[in-house]
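J.: My questions will all concern the structure given below.
The values are calculated or read from the model by the stated rules, or taken from the named source; none is laboratory data. Here the structure is a predicted model, which is why all the values come from computation and not from measurement. Here Cβ is always computed from backbone atoms with ideal geometry, including for glycine, and neighbour counts include all displayed protein chains. Please note that ligands, DNA and RNA were not included when accessible areas were found on the heavy atoms of the full protein model with its side chains. Shrake-Rupley method; radii C 1.70, N 1.55, O 1.52, S 1.80 Å.
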Amino acid sequence: TNSYHGSAIGFFTNAGMTSKDIFVEQQGRAKPDTQNMRYGATLGGPIVRDKMHYFVSYEKQDRDEGRSYSYPTRPDMSFSTVQVTRMQNLMGRVDHQLNANNTYSVRFLWDHQPTLNQPLGNPTIDTLSQDKDNDWTLVGNYNRLFGSTKLFNTRLALVHEKPVRGQALYQETGDWTLAPPSLVFQSFTAQADINRADFRDMNSYGLDTTFSWFLNGTRGGTHDLKFGSQYVYGEHFEEFQRFMNGAFRFFSDRAFNAADPFSYPERLEIRVPSKGEWLSLTHSLGLYVQDKWQLSPRFTLNLGLRYDIHISPLRWDYNPLFSEPDAYPLDTNNIAPRVGFAYTPTPTSVIRGG
């Protein structure tokens, strides 16, 4: 609006407001130094009065959560720690009314969520993982009025997401072959994480257009027509390095003793010869038309028809039904009709169906 408006929030707790969990108490371990702190603010107002306005929002969450694991067969592997999560979220938006018939808006959203000391499966203190997620979205929206009954809208959206999952060594070097082998015992996994060493890089580009037309008929009722299209191009790259460091599997929890055959590993699992990499590309196109047809003040029909096509050019060399080397399945028969109605037999009742 033409006035400035804002808000602020805050919430805080720490370890002084919690007690030890039962396993930490029983083992005489120090209580994890937990905390939960959340704060943020919003602000909005005019850039040019009656023409251009802005809005911004920021939120931060700092969570340190207690985690404890107890292994009766190997008390030396029991531990307690704090899982650290730091989340930030920033959003900004600008709306501009060029004139009575033309308006546009731009919105940006940034989201960052690292989680450290993350226990997965049955961990030990040296197998705690990290999860770092960086996302952002940029959206532009344009509206064009034609008289008082027609509206054209188009929207362009860009979306990026890149989660990286793995221990600090993988986060820093991107090479999990530098890690020592994982030691997978019956009750826990030691020395190196077995669950994660991967990242994904995902990008999506979308364009939506809609044309709305209101027809105020006299005898045939009113029509609220909409014609539209949606196109999305997506790319998804994944890298997978799990087991590239090797994993020794044991059939007991015994500590290694050269004189004890039962403490030796029974097998080795390792990924060869290289990491896994996949790139998926997808094109999606949708076309639709719909009509909200009010035949009378008591009866309304909703009619629609939509067509979608999805193209994912992934080679199917292993499929004998595709003789060409670059052939891939094409989904072209997605036709979706829709019909719905609403009828008001009395001023206090309504019947709906579709």
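J.: So between L305 and T222, what do we pick up on full extension, going 0.36 nm a residue minus the alpha carbon distance?
T.: 28.0 nm
J.: Okay, moving on. Counting Lys and Arg as +1 and Asp and Glu as -1, each charge on the Cβ, what is the dipole of the stretch 187-305 about the Cα centre in debye, to the nearest 20?
T.: Value, rounded to 20: 520 debye.
J.: I'd like the FRET efficiency for F237 and W110, computed as 1/(1 + (r/R0)^6) with the beta carbon distance as r and R0 of 25 Å, rounded to 0.05.
T.: 0.75
J.: Here is a follow-up. Using alpha carbon coordinates only, what is the Rg to Rh ratio of the stretch 1-120, with Rh defined as the Kirkwood radius?
T.: Reported Rg/Rh (Cα atoms, Kirkwood Rh): 1.27.
J.: Is there a quick way to get the dipole size of the stretch 191-232? I mean about its Cα centre, with the Cβ of Lys and Arg at +1 and of Asp and Glu at -1; what is the value in debye to the nearest 20?
T.: For the stretch 191-232, the charge dipole is close to 300 debye.
J.: Which of V289, P261, P345 sits closest to the plus end of the dipole of the stretch 239-354, meaning its Cα is farthest towards the positive end, when Lys and Arg get +1 and Asp and Glu get -1 on the C-beta?
T.: Value computed over the given set: P345.
J.: So, R0 is 41 Å and r is the distance between the beta-carbons of M91 and A255; what FRET efficiency does that work out to, to 0.05?
T.: 0.20
J.: Hey, can you rank 121-134, 292-305 by average C-beta count inside 10 Å, highest first?
T.: 121-134, 292-305
J.: Beyond 13 Å, what percent of the Cα pairs of the stretch 308-351 remain?
T.: Here the long-distance tail beyond 13 Å is 69 percent of all Cα pairs in the stretch 308-351.
J.: For the pair T73/N333, report the inter-label distance in nm, with labels modelled 7 Å from Cα in the Cβ direction.
T.: Distance between label points: 5.4 nm.
J.: Calculate the tail of P(r) for the stretch 70-163: the fraction of all Cα-Cα distances greater than 24 Å, expressed in %.
T.: Summing the P(r) of the stretch 70-163 above 24 Å gives 52 percent of all pairs.
J.: Along the positive direction of the dipole of the stretch 95-241 (beta-carbon charges: Lys, Arg +1; Asp, Glu -1; about the Cα centre), which of P180, N122, Y104 reaches farthest?
T.: It is Y104, whose Cα lies furthest towards the positive end.
J.: Hey, another quick one. With bins 5 Å wide starting at 0, give me the P(r) of the stretch 1-70 over every alpha carbon pair, in whole percents.
T.: Taking all Cα pairs of the stretch 1-70, the binned fractions are 4, 14, 16, 12, 10, 8, 8, 7, 7, 5, 4, 3, 1, 0 percent.
J.: Here's a follow-up. With each label point set 7 Å from Cα along the Cα-Cβ vector, what nm distance links N134 and T209?
T.: In this crude label model, N134 to T209 measures out at 3.5 nm.
J.: Select one label from (1) 1.17; (2) 1.02; (3) 1.42: the one whose number is Cα Rg over 2.2 N^0.38 Å as derived from the coordinates shown.
T.: Of the listed options (1) 1.17; (2) 1.02; (3) 1.42, (3) comes from this structure.
J.: Ok, one more. Around P46, under 14 Å between beta carbons, what's the net of Lys plus Arg minus Asp minus Glu among the other residues?
T.: +1
J.: Further question on the same structure: Excluding ligands, DNA and RNA, what is the solvent-accessible area per residue of the chain at a probe of 1.4 Å, expressed in Å²?
T.: Value returned for the chain: 60 Å² of accessible area per residue.
J.: Apply the Karplus parameterisation 6.51 cos²θ - 1.76 cosθ + 1.60, with θ equal to phi minus 60°, to every residue of the stretch 152-158 and state each ³J(HN,Hα) to the nearest whole Hz, in sequence, with x for glycine and proline.
T.: So the J values, rounded to whole Hz, are 10, 10, 9, 9, 10, 10, 10.
J.: With the cut-off at 1.5 for a/c, could you classify the stretch 89-130 from its C-alpha gyration tensor as rounded, prolate or oblate?
T.: prolate
J.: Quick one: the Cα spread of the stretch 44-203 along its three principal axes, in angstroms, biggest first?
T.: 78, 28, 27
J.: Please report, largest first and rounded to whole Å, the three semi-axes of the ellipsoid equivalent to the stretch 112-159, where each semi-axis is the square root of five times an eigenvalue of the C-alpha gyration tensor.
T.: Largest first, the stretch 112-159 gives 49, 9, 6 Å.
J.: Give me the Debye-computed log₁₀ of I(q)/I(0) at q = 0.09, 0.12, 0.15 Å⁻¹ for the stretch 122-240, equal point scatterers on Cα only, no solvent, two decimals.
T.: With one equal scatterer per Cα and no solvent, log10 I(q)/I(0) is -0.50, -0.64, -0.79.
J.: Shifting gears a bit: Highest mean first, how do 34-40, 5-11 rank when packing is the count of other Cβ atoms within 10 Å averaged over residues?
T.: So the peptides 34-40, 5-11, ranked by packing, come out 34-40, 5-11.
J.: Still on this structure, I have one more. Across the stretch 178-302, how large is the tail of the calculated P(r) beyond 19 Å, expressed as a percent of all Cα pairs?
T.: Cα-Cα pairs of the stretch 178-302 separated by over 19 Å account for 70 percent.
J.: Using +1 on the beta carbon of Lys and Arg, -1 on that of Asp and Glu, and nothing else charged, what's the dipole of the chain about the Cα centre, debye to 20?
T.: 1580 debye
J.: Quick one: grab Rg to one decimal and Dmax as a whole number for the stretch 231-346, Cα atoms only, in Å.
T.: Cα only, the stretch 231-346: 28.5, 91 Å (Rg, Dmax).
J.: With the cut-off at 23 Å, tell me which of the pairs K150/K292; K60/K132; K20/K60; K31/K162 have Cα atoms farther apart than that.
T.: K20/K60; K31/K162
J.: Can I ask one more? Please compute the volume of the convex hull spanned by the alpha-carbon atoms of the stretch 48-109 and report it per residue in Å³.
T.: Value for the stretch 48-109: 93 Å³ per residue.
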